[in-house]
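Every number in this text was worked out from the coordinates using simple rules, so none of it is lab data. Computed from a predicted model, the values in this text were never measured in an experiment. All Cβ positions, glycine included, derive from the backbone under ideal geometry; neighbour counts span all protein chains shown.
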Ligand code: BG6
């Protein structure tokens, strides 16, 4: 059911990659499903000069590149809703022109004051643009609501995030702010909530009494592609851990919320973040491993090392791999280690949560059974989305030989329905004003606070090594040392949920 109100959707950074690859194709999908409000205008804003028609033509080819289109006429219908204006982000007069453009648009389209401002710009503009919008009254809600959508990263560290928060809250209310973390828009990330809280069988086991440790991986086989300039100022910790991975930790570890109200869910995630055991500076080298990919040959093709990528300094010490071990000091998780890792140019693209259960108290069937063989519940976020449970089964024949068997469920067998993209879901939510799947300020600040000792050590302490790893491998071998028990190791996930091991199909 479409229950969005008429609105103008303003995208800052309209000539950028995100607009082309994700935002406009997502809004087009909503249009095709008849989920846009009856009166809707999309206003692209960026530095480059384009006419409305030039912008429409660009967006038409972006939609055709990133979506499967059978019928051009739908796209032609959609792009009629698009308009464009150029801006000098630093010049106050430019915002007056923008205001006039929006007023003019409202007149011709008969739309009220409801307006969304999506900041898909370099993060350095996240403070400036909202301040300038407020200076011309575009934050005022007397003629309709105004919402500000902010891409990640929200700040660069705790200090800059606090500064940005103060700058924004001077002119905008917290309810007007939507901080995008596209992982929260993924169906399978939301399914973590459903798996945990709609099944009575998991909850009794979901705690320190039965869980040995939790492992979360988000690996990518691609390198930094064309984003070297941005990535070199960010690194894996800021790009993936501070936001996406910690949100997944939050959903895995949170207490059951009292309802599905945004505030109820976000409060529980916040409590998890507040319970992270603070990391001591002197422990950083033992609980956090960083790495950077080196040139290598993958399937017979030579790929560049990180330092040879466009936009990256040849002396860069930015990490393209990060692995961490940490604890959540609360009643449920006391003493359970959490291991998380992420990296570029790893063997395959996988995001998954692995719950490793404890051994049975008395193991009848073999001596020295490794906990690598204990029950595991793998929640696969992407690709081959689904759930895998590993359970011990008797192999046929004499004696009691036990082997792990897989019970797996694949999302693709469950429904033929198309899974909407994360951006499609989140943009629709911004149009409806539903903040459930958006990070709130306190969460973001807690996440920065937790990571600050690592950020500082990696920046200042030359004794903390940056390990090189050949592109196409599972990162620095030293990451294995994070895992407490000697006989245990990270899972090596494969493209297919049910397989693992160093030599599987990637
Ligand atoms: C983005 C990061 O937020 O997430 C990228 O900036 C990363 O570096 C991407 O590639 C991964 O997203 P996904 O949805 O492909 O797992």
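Judged by the gyration tensor of its Cα atoms, with axes a ≥ b ≥ c, segment 229-349 is prolate; a/c meets the 1.5 cut and a/b is the larger of a/b and b/c. Straightening the chain between residue 478 and residue 173 buys 105.3 nm, computed as 0.36 nm per residue apart minus the Cα-Cα spacing.
Between residue 128 and residue 358, the distance separating the two model label sites (each 7 Å from Cα on the Cα→Cβ line) works out to 5.5 nm.
Working from label points 7 Å from Cα in the Cα-to-Cβ sense, the residue 199 to residue 54 distance is 5.4 nm. In segment 7-151, the inverse of the mean reciprocal separation of distinct Cα atoms equals 15.4 Å; this is its Kirkwood hydrodynamic radius. Please work out whether segment 184-482 counts as rounded, prolate or oblate from its C-alpha gyration tensor, where a ≥ b ≥ c are the square roots of the eigenvalues and a/c under 1.5 means rounded, while otherwise a/b larger than b/c means prolate and anything else oblate? Verdict is rounded for segment 184-482. In this calculation the C-beta distance from residue 417 to residue 90 is compared with R0 = 51 Å, giving a FRET efficiency of 0.65. Taking the longest Cα principal axis of the chain as reference, the axis of helix 187-197 is set at about 50 degrees. Please compute the modelled spin-label separation between residue 135 and residue 315, points set 7 Å along Cα→Cβ, answer in nm with one decimal. Going from the residue 315 label point to the residue 135 one covers 3.8 nm. Each DSSP beta bridge with both residues in the chain is either parallel or antiparallel, and the antiparallel ones are about 55%. Computed over the alpha-carbon pairs of segment 77-173, the distance histogram in 10 Å steps reads 14, 46, 31, 8, 1 percent, short to long. Output the relative contact order of segment 7-151, whole-number percent, from Cα pairs under 8 angstrom with separation of 6+ residues. Relative contact order, segment 7-151: 31 percent. The mean sequence distance of close C-alpha pairs (under 8 Å, at least 6 residues apart), as a share of the length of the chain, puts its relative contact order at 17 percent. Classification of segment 176-276 by its C-alpha gyration tensor yields a prolate form. The axis ratio a/c (a ≥ b ≥ c) is 1.5 or more, and a/b outweighs b/c.
Show that you can apply the helix-only estimate: for the chain, add -39,500 (n - 2.57) for every DSSP H stretch of four or more residues, divide by all residues, and state [θ] at 222 nm to the nearest 500.
-8500 deg cm²/dmol
Relative to the longest principal axis of the Cα atoms of the chain, helix 262-274 runs at roughly 50 degrees.
Among 24-35, 232-243, 275-286, the peptide with the highest mean count of other Cβ atoms within 10 Å heads the list, and the full ranking is 232-243, 24-35, 275-286. When Rg and Dmax are taken over the Cα atoms of the chain, they come to 24.1, 85 Å. As a calculated quantity, the FRET efficiency between residue 280 and residue 32 at R0 = 51 Å, using C-beta atoms, amounts to about 0.45. Taking the longest Cα principal axis of the chain as reference, the axis of helix 422-432 is set at about 50 degrees. Taking a point 7 Å out from the Cα of residue 452 in the direction of its Cβ, the residues of segment 133-157 whose backbone N falls within less than 12 Å of it are 157.
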